[in-house]
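The next block holds one structure in the form of structure tokens; read it before the comments.
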Amino acid sequence: MKQTIFRGIATALATPMRENGEVDYDSFGRLIDWQIDSGVNALVACGTTGESATLREQEQQEVIAFTIRRAAGRVPVIAGTGTNSTEHAIEKTKFACAAGADGVLVVTPYYNKATQAGLIAHYRAIADASTVPVIAYNVPSRTGCNLLPETCAALAEHPRIAGVKEASGDITQILTTAALTHGRLDLYSGNDDQIVPVLSVGGIGCVSVLSNVLPREAVAICDRFFAGDTAGAAQLQRDTLPLVKALFSQVNPIPVKAALAAMGYGSEAGIRMPLTPMESAPKAKLLAELKKWGVLA
């Protein structure tokens with residue numbers, strides 16, 4: 001049997017930054033502690049939400065190492081190590097393994113993309129170099145590259161490719177992936193508005209942006225479903241939908257960083273270009289939703 005890295009909610013951590021754009025490790029440490037105290041089941045460092053695209057190589061290593069030290073074994077830590085270069089992704093994966101990560105999250109190659117055969121070769125090469133389980137990440141809206149169900153089935157044959165984070169938004173594709181890989185590949189939702197739908201077809205959790213600001217509620221969606229309270233899970237999924245929409249009203253992680261700044265984690269200006277601080281109209285709606293949940297006074 002393959003190792004399941006987590007079941008439930010893994011927070012795709014935003015990386016709090018100061019006004020000058022440098023990582024705010026005081027805020028980051030407090031955010032990690034709050035997430036764990038709130039019951040999240042795992043943490044993802046240096047994913048898309050963590051601004052991996054604009055963190056320098058040394059910064060990525062520091063953020064990953066800091067997350068592992070701060071978590072101190074309380075929950076698994078998954079490091080984002082994917083790039084559009086197989087060689088570079090292998091190097092990043094080796095660092096994460098040596099630093100003590102419990103797993104790695106590897107996005108499909110972007111811009112240069114790949115054929116499905118190329119994706120299989122890419123992921124197998126990374127998994128061969130890894131000493132921890134690998135989760136493939138499918139988000140074609142951002143990468144232009146779609147990891148098809150048949151490809152996931154081929155990847156499931158590798159002993160260290162343990163799961164797939166599915167953010168295609170195509171529930172039929174996700175269902176097909178679940179059917180072809182059931183029992184061989186753990187399936188996670190990559191979209192906060194599809195947690196219950198993905199769980200209903202055999203998924204075991206979500207890599208969540210929502211849980212940055214509502215960790216207990218995100219965890220409760222999964223916990224209710226796992227306990228057999230499907231109706232309760234679906235109701236909470238519906239209840240959180242307006243906030244989820246607000247969190248994705250501009251390019252992720254612009255809104256979640258604005259939310260966290262309002263909550264005292266980092267500076268609103270602390271976001272790396274080409275991303276810019278949240279515009280006023282969508283920000284007002286976001287803050288209003290956070291107030292409804294009691295996150296802000």
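Starting from 0.36 nm per residue, how many nanometres of slack lie between Ala125 and Arg238 once their C-alpha separation is accounted for?
36.7 nm
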**Item:** With all protein chains modelled, accessible area of Leu175 [1.4 Å, Å²]
**Value:** 90 Å²
**Prompt:** Counting other Cβ atoms within 10 Å of each Cβ, which chymotrypsin sites (Phe, Trp or Tyr not before Pro) in segment 79-187 have at most 16 and sit in a DSSP loop?
**Reply:** Tyr111
**Prompt:** If you count the DSSP beta bridges with both ends in segment 11-151, what percent of them are antiparallel, to the nearest 5?
**Reply:** 10 percent
**Prompt:** Accessible area per residue, 1.4 Å probe, Å², for segment 179-297: what's the number?
**Reply:** 41 Å²
**Asked** Between Ala231 and Asp37, what length comes free when the chain is fully extended (0.36 nm per residue of separation minus the Cα-Cα distance, one decimal in nm)?
**Response** 67.2 nm
**Request:** Output the relative contact order of the chain, whole-number percent, from Cα pairs under 8 angstrom with separation of 6+ residues.
**Result:** 20 percent
**Item:** Whole-percent carbon and sulfur share, accessible surface of segment 1-57, 1.4 Å
**Value:** 45 percent
**Message:** Over 20 Å between Cα atoms: which of Lys245/Lys292; Lys113/Lys245; Lys245/Lys283 fall into that group?
**Reply:** Lys113/Lys245
**Asked** Which ³J(HN,Hα) values in Hz, rounded to whole numbers, follow from the phi angles of segment 148-159 under the Karplus curve 6.51 cos²θ - 1.76 cosθ + 1.60, where θ = phi - 60° and Gly and Pro get x?
**Response** 6, x, 5, 5, 4, 4, 5, 5, 4, 6, 7, x
**Prompt:** How much accessible surface area, in Å² rounded to 10, belongs to the heavy atoms of Glu150 with a 1.4 Å probe?
**Reply:** 120 Å²
**Asked** Taking a probe of 1.4 Å, how large is the accessible area per residue of segment 133-176, in Å²?
**Response** 34 Å²
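Roughly speaking, what is the stretch gain from Arg30 to Arg142, that is 0.36 nm per residue apart minus the C-alpha to C-alpha distance, in nm to one decimal? Could you put the intermediate results ahead of the total?
Numbers: separation 112, 0.36 × 112 = 40.32 nm, distance 2.96 nm.
Between Arg30 and Arg142, full extension yields 37.4 nm more.
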**Cα convex hull of the chain - mean projected area over all directions, nm²** = 13.8 nm²
**Complete:** Taking placed amide H atoms and a strict 5 Å upper bound, the residues 5 or more places from Ser208 or on another chain that come that close are Ala10, Thr11, Ala12
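At 1.4 Å probe size, put Thr81, Thr115 in order of accessible surface, largest to smallest. Let's see the in-between values first.
Numbers: Thr81 0, Thr115 90 Å².
Reading off the accessible areas and sorting them downward yields Thr115, Thr81.
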**Message:** Using 5 Å bins from zero, what percent of all Cα-Cα pairs in segment 7-78 falls into each bin?
**Reply:** 3, 17, 32, 26, 14, 6, 1, 0
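At a temperature of 20 °C and a viscosity of 1.002 mPa s, determine how fast segment 227-266 diffuses translationally according to Stokes-Einstein, using the Kirkwood radius over alpha-carbon pairs as Rh; express D in µm²/s, rounded to the nearest whole number.
Working: Rh = 11.5 Å.
It diffuses with D of about 186 µm²/s by this estimate.
Looking at the chain only, what percent of DSSP beta bridges run antiparallel? Nearest 5 please.
Percent antiparallel among DSSP bridges in the chain is about 5.
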**Complete:** Probe 1.4 Å, all chains present, heavy atoms only: Cys152 accessible area in Å², nearest 10, is 0 Å²
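When the accessible area of segment 122-235 is computed with all protein chains present and a 1.4 Å probe, what percentage of it is carbon and sulfur? Each step should come with its number before you reach the end.
Details: 1980 of 3840 Å².
Ligands and nucleic acids excluded, carbon and sulfur reach 52 percent.
What number comes out for accessible area per residue over segment 15-131 if the probe is 1.4 Å? Units Å², please. Kindly include the intermediate steps, with their values, before the conclusion.
Values: 4760 Å² over 117 residues.
That works out to 41 Å² per residue.
Before anything else, pin down the relative contact order of segment 90-230: Cα pairs under 8 Å, at least 6 apart, normalised by residue count, whole percent.
Details: 234 pairs, mean separation 24.4, N = 141.
Rounded, it is 17 percent for segment 90-230.
The values are calculated or read from the model by the stated rules, or taken from the named source; none is laboratory data. Just so it is clear, the structure is predicted and the values come from calculations on it, not from any experiment. Ideal geometry is used to build each Cβ from the backbone, glycine not excepted, and the neighbour counts take in all protein chains shown. Keep in mind that these areas ignore ligands, DNA and RNA; they rest on the heavy atoms of the full protein, side chains included. Shrake-Rupley method; radii C 1.70, N 1.55, O 1.52, S 1.80 Å.
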